[in-house]
Amino acid sequence: MDTIFAQATATGRAGVSVIRLSGRQAFDIAKNFCKLPAVGRTGLRALLGCDGALIDHGLVLCFEQGASFTGERVVEFQVHGGLATVAKLLAELSMQDGCRLAEPGEFTRRALENGQLDLNQVEALSDLIDAETEAQRQQAIRVLDGSFGDAGAQWRGKLLRAAALLEASIDFSDEEIPDDLSVEVVSLVEETCGSIAAILERSTMASKIRTGFTVAIIGAPNVGKSTLLNAIVGRQAAITSNVAGTTRDVIECRVDLQGLAVSFFDTAGLRDSEDEIENLGISKAYEMASAADIRVFLVEEEGVVLPIARRDEDIVCLNKADERQPGVAAVSGKSGEGVSELLRQISERLMVKTPQDVVAIRERQITGLRAAETFLERVLELLGADPLPFELASQELYFALSELDFVFGRIDIESVLDEIFSSFCLGK
């Protein structure tokens, strides 16, 4: 396998740029540029090119196989971040035998292949790099530190034990397996199924941390929805006027609200209209209101009939606080009165929805867990039959394990055999 290299820091002028070299020949190649410091220690070195000319003075750091990000031998060159300096060192590395520029994501791919990261941690690393809010960063860190993988390992262990028990009932004599075998299998499958179900229950909202929550501003024409949106985002995002029906399309603005990514939607005023274009906007407003995580109903007076049935998390606000008597709880996009309180209410309600523990956040993960849950429920049904169809239950259990393989990227038949022989001592 080739030794690969790439600039690990962003392209452009900087005080320091890091160039990473990874592969079996990393140490040998790096020795062509300087004398290497001891593994795990930094050393200031003069880096020389193939012609013996000085490229730069920089720090050099070596990682032994198994102790680096990729799991391979790695050398990092920390040089001055001038464009010409970085380009020269990259060019010199490209001239080394068996050394080439890394493809996009290849360092992380090697980390996965060498067991340094699991598939979910790879995705979490991407999420961490792309994180725009504090909540996104925290969620990515929880997955990256292996918490989700730990949960998967527990499920895997329990299902491997259950599979081993079922296989033993099929392949080996009754006197060498525990009595009442199905009781333990049922317990193991029920525990796993319940744990998966609990994570799935929280995962729909958790995925919103990554993709963003939605808040729709709903109300009749000319109640101040567009003005309120402009006040929330701090710019003229929506056209405002005294003419009812000015907003005819959904206008979206994304903000960082207390560490959460939230998209606010200004919608067309809800009313009966004979204008074909306005009716299209009203139809979109109803669609957005239905899909939004929270709806903010902006109304002229208390007690009015809302155009859409209210949900528990929705907020109803009186409009035009700047035109009302002092002390009346209302909001005004024009003066800014009440906007901070409204945003506080929204953030609190979204925080309540947001799980702070281990969850699945990618559609791939959620799909795989749901499929595994379905197979495990089928296993439980079969285990309740009389006589007990061990072969069918075992097959459904392997289907569940295959789905978890889809989620976590690890499981094989040898693991089941290892469990059988280690727990029952059937091979001696």
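Tabulated results
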read-out	value
Additional length obtainable on full extension of the chain from Glu313 to Met1, 0.36 nm per residue less Cα span	106.8 nm
Accessible surface, 1.4 Å probe, highest first, among residues Tyr398, Tyr286	Tyr286, Tyr398
Pairwise label distance in nanometres, Val186 with Ile141, each label 7 Å out on the Cα-Cβ vector	4.4 nm
Surface share of carbon and sulfur [accessible, 1.4 angstrom probe, percent] for the stretch 39-145	54 percent
Additional length obtainable on full extension of the chain from Glu302 to Arg324, 0.36 nm per residue less Cα span	6.6 nm
Filter on Lys284/Lys334; Lys225/Lys284; Lys284/Lys320 - keep pairs with C-alpha separation over 19 Å	Lys284/Lys334; Lys284/Lys320
Label-to-label distance, nm, for residues given as Gln65 and Lys284 (7 Å Cα→Cβ offset)	5.9 nm
Solvent exposure of the stretch 1-160 as accessible area per residue, Å², 1.4 Å probe	49 Å²
Loop GluC sites (Glu not before Pro), the stretch 12-104, which have at most 15 other Cβ atoms in a 10 Å radius of their Cβ (DSSP)	Glu64
Packing-based ranking, highest mean first, of 99-110, 5-16 given that Cβ atoms within 10 Å are counted	99-110, 5-16
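The values are calculated or read from the model by the stated rules, or taken from the named source; none is laboratory data. Remember, predicted model here, so these are calculated numbers, not experimental data. Please note: Cβ atoms are built from the backbone with ideal geometry, for glycine as well, and neighbour counts cover all protein chains shown. All accessible areas refer to the heavy atoms of the entire protein, side chains included, with ligands and DNA or RNA removed. Shrake-Rupley method; radii C 1.70, N 1.55, O 1.52, S 1.80 Å.
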